[in-house]
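Q: Quick one: this structure, given as structure tokens, is what I'll be asking you about.
The values are calculated or read from the model by the stated rules, or taken from the named source; none is laboratory data. Treat the numbers as computed from the prediction; the structure is a model and nothing was measured. Ideal geometry is used to build each Cβ from the backbone, glycine not excepted, and the neighbour counts take in all protein chains shown. All accessible areas refer to the heavy atoms of the entire protein, side chains included, with ligands and DNA or RNA removed. Shrake-Rupley method; radii C 1.70, N 1.55, O 1.52, S 1.80 Å.
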Amino acid sequence: MNSQNASQSLQSTLSEANRSHVLHYLYAHGISSRASIAQTLGLSAAAITKITARLIDAGIIHEVGGIEGRKNRRSIGLELNPQQFHIIGVKFARSLVEIGMFDLKGSMLALTDLPTVKNDTIPDTIRTIHATINTLLADDPSIVAIGMAVPGPYLRHEGRTAVVSSMQGWRTFNFLDEFSNAFRVPVFVEQDARAGVLAQHLFDPASSSCRNLAYYLLGEGIGLGVIDDGRLINGAQGAATEIGHVSIDVNGLPCDCGNRGCLERYCSAVAIHDKLIETGIIARADQMTHKQACHALFEQASQGDTAAQTLVREIGRYVGYGCVTIFNAFNPERIVLGDIVAEGGQPLLDAAREVVDERVIPELNQATDISLTKLSADAAVSGAAAVAVTQFLDHPSRFFAIT
């Protein structure tokens, strides 16, 4: 690359970064004046005028009526209207696939649960996904992107998942080959727990300012997404933070990954379902999906069933062992528990905290908050939407012609 091309490339990168900073500011603060944006971002008034003019011309932001500015002067406000653009989120969770539609702030506009997936029905599921998404795209021209959240360990450069415990049919499926160029809008694929931590950071006000955040996914698998000092941890192949395959018992139950005693074998929805079938605590558990079985357990525990309550506490302690690893490996400010098993609620959280109190360095324990997600019960799929929203805010020129 010659010096002129290098200079142009650098200028293009800088311009995109400044556009992204403006969009992130408006996303977080709502209607704002050019002066307030310039002051906060440390850019000149002329630079902000130029940047915002191009964003307006592209149709990404727009001017609104006069607002009160500095020194009580009236200013023209700028707005990134989150309702103006829609995002499709697709969540893959072994036997469960959900397709949701959201605005940029994560408000759910529609949700579809596909039929329960089995190894031999994966091709049918893929055809249904294509058909459902194409229908949504045809009906709504405001859809600008699709985000997909897939089980880990997800090899991001290859486009496939290395291990999918209890559902090996997904292991040979390539998400990038199947979906990258399948629709009229761009598609972004991310590991499910990393998608989850993006959702917590974007859509939960309590976590939006947290620069060291961990999302502990307790679903059909166990996963972890970590934002460390404001940056998402990925690893060389995209397989970092795979807490579900950290052993908590070197002589424990064998796992499909080749390890023994993996955390996933003790507190995932699949493991809980197996336990319910084995013990008979929930009647006809063998006729339920993993999600239904867990929901039935938590409901029965809330009604005072002693056996159910004992099992919930046991599950919560295993969740706590995972928290101990998160404390020692990543030292986050906040750990958020989410997905199917997190619906065990306060009793599950209390049991996890007991383990943390027993086993974590006091200074770390006192400085770290552990909580249940405040996102809705069906909000696992919002993580997939968050993947696309993040790309929209970070790289606006991928979505719009900006000159």
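Q: Using protein chains only and a probe of 1.4 angstrom, how many square angstrom of Arg160 are accessible, to the nearest 10?
A: Its accessible surface works out to 80 Å², give or take rounding.
Q: To continue, here is another question. Could you give the distance between the Cα centres of the stretch 276-323 and the stretch 213-228, to the whole Å?
A: 21 Å
Q: Just from its helices, what would the mean residue ellipticity at 222 nm be for the chain, if runs of 4 or more DSSP H residues each count -39500 (n - 2.57) and the sum is divided by every residue, rounded to the nearest 500 deg cm²/dmol?
A: The per-residue figure over the chain is -13500 deg cm²/dmol.
Q: Please figure out what share of the DSSP beta bridges in the stretch 208-374 is antiparallel and state it in percent, rounded to the nearest 5.
A: Antiparallel: roughly 55 percent of the beta bridges in the stretch 208-374.
Q: Additional query: If DNA, RNA and ligands are ignored and the probe is 1.4 Å, what is the ranking of Glu220, Glu178 by accessible area, most exposed first?
A: Glu178, Glu220
Q: Something else now. So how exposed is Leu297, as accessible area in Å² (1.4 Å probe, rounded to 10)?
A: For Leu297, the solvent-accessible surface is approximately 0 Å².
Q: Rounded to whole Å, give me the distance from the Cα center of the stretch 349-373 to that of the stretch 83-155.
A: Using only Cα atoms to place each centre, the spacing works out to 34 Å.
Q: Please calculate the 1.4 Å probe accessible area of Asp249, with all protein chains present, and give it to the nearest 10 Å².
A: Looks like 60 Å² after rounding.
Q: If you put +1 on each Lys and Arg Cβ and -1 on each Asp and Glu Cβ, how big is the dipole of the chain around its Cα centre, in Debye rounded to 20?
A: Here the size comes out at about 1300 debye.
Q: While we're looking at this one, here's another question. Out of residues 5 or more away from Ser208 or on other chains, whose amide H comes under 5 Å of its own, with H placed 1.01 Å from N in the peptide plane?
A: Correct list: empty.
Q: Now a separate question. Lysines within cross-link reach of Lys374: Cα-Cα under 21 Å, excluding same-chain residues under 8 positions apart?
A: Here the lysines satisfying the reach criterion relative to Lys374 are Lys91, Lys105, Lys291.
Q: Excluding residues fewer than 8 places away in the same chain, name every one of the aspartates and glutamates whose C-alpha is closer than 13 Å to that of Lys50.
A: In chain and number order, the partners are Glu16.
Q: What are the ³J(HN,Hα) couplings of the stretch 122-129, residue after residue, when phi is run through the Karplus curve with 6.51, -1.76, 1.60 and θ = phi - 60°? Round to Hz, x for glycine and proline.
A: 4, x, 5, 4, 4, 4, 5, 4
Q: Given a 10 angstrom Cα cut-off, can you work out which residue in Lys105, Lys50, Lys275 is the most mobile in a GNM of the chain?
A: Sorting by GNM fluctuation, first place goes to Lys50.
Q: What percent does the relative contact order of the chain come to when contacts are Cα pairs within less than 8 Å and at least six residues apart?
A: Once divided by the residue count of the chain, the mean separation gives 17 percent.
Q: Against the longest alpha carbon principal axis of the chain, how many degrees, from 0 to 90 and to the nearest 10, is the axis of helix 306-330 turned?
A: 50 degrees
Q: If packing is taken as the mean number of other Cβ atoms within 10 Å per residue, what is the order of 321-327, 298-304, highest first?
A: Packing proxy ranking, top to bottom: 321-327, 298-304.
Q: For Ile370, list long-range residues whose amide hydrogen, built 1.01 Å from N in the peptide plane, is under 5 Å from its own amide hydrogen.
A: Amide H neighbours of Ile370, under 5 Å, 5+ apart: Ile335.
Q: For the stretch 208-374, what does the relative contact order come out to in percent, with C-alpha contacts under 8 Å and a separation of six or more? Can you show the working numbers first?
A: Numbers: 283 pairs, mean separation 39.5, N = 167.
It rounds to 24 percent for the stretch 208-374.
Q: For the chain, which whole percent of the accessible surface, found with a 1.4 angstrom probe, sits on carbon and sulfur atoms?
A: The nonpolar share, carbon plus sulfur, comes to 49 percent.
Q: Right, another one. Using label points projected 7 Å from each Cα along Cα→Cβ, tell me how many nm separate Val185 and Thr289, to one decimal.
A: 2.4 nm
Q: Next up: Across the stretch 137-149, in residue order, what do the Karplus-derived ³J(HN,Hα) couplings come to in whole Hz, using 6.51 cos²θ - 1.76 cosθ + 1.60 with θ = phi - 60° and x for Gly and Pro?
A: So the J values, rounded to whole Hz, are 5, 5, 8, 9, x, 7, 6, 10, 6, 10, x, 10, 10.
Q: At 7 Å along the Cα-to-beta-carbon direction for both Ala329 and Asp350, put a label point, then send me their distance in nm to one decimal.
A: Inter-label distance under the simple model: 2.9 nm.
Q: Starting from the residue with the highest accessible area, list Val360, Val246 in decreasing order, probe 1.4 Å.
A: Val246, Val360
Q: Continuing with this model, one more query. Per residue, how big is the convex hull around the C-alpha atoms of the stretch 249-403? Give it to me in cubic angstrom, could you? Present the calculation step by step, with values, prior to reporting the outcome.
A: Working: hull volume 26.3 nm³, N = 155.
About 169 Å³ per residue, rounded to a whole number.
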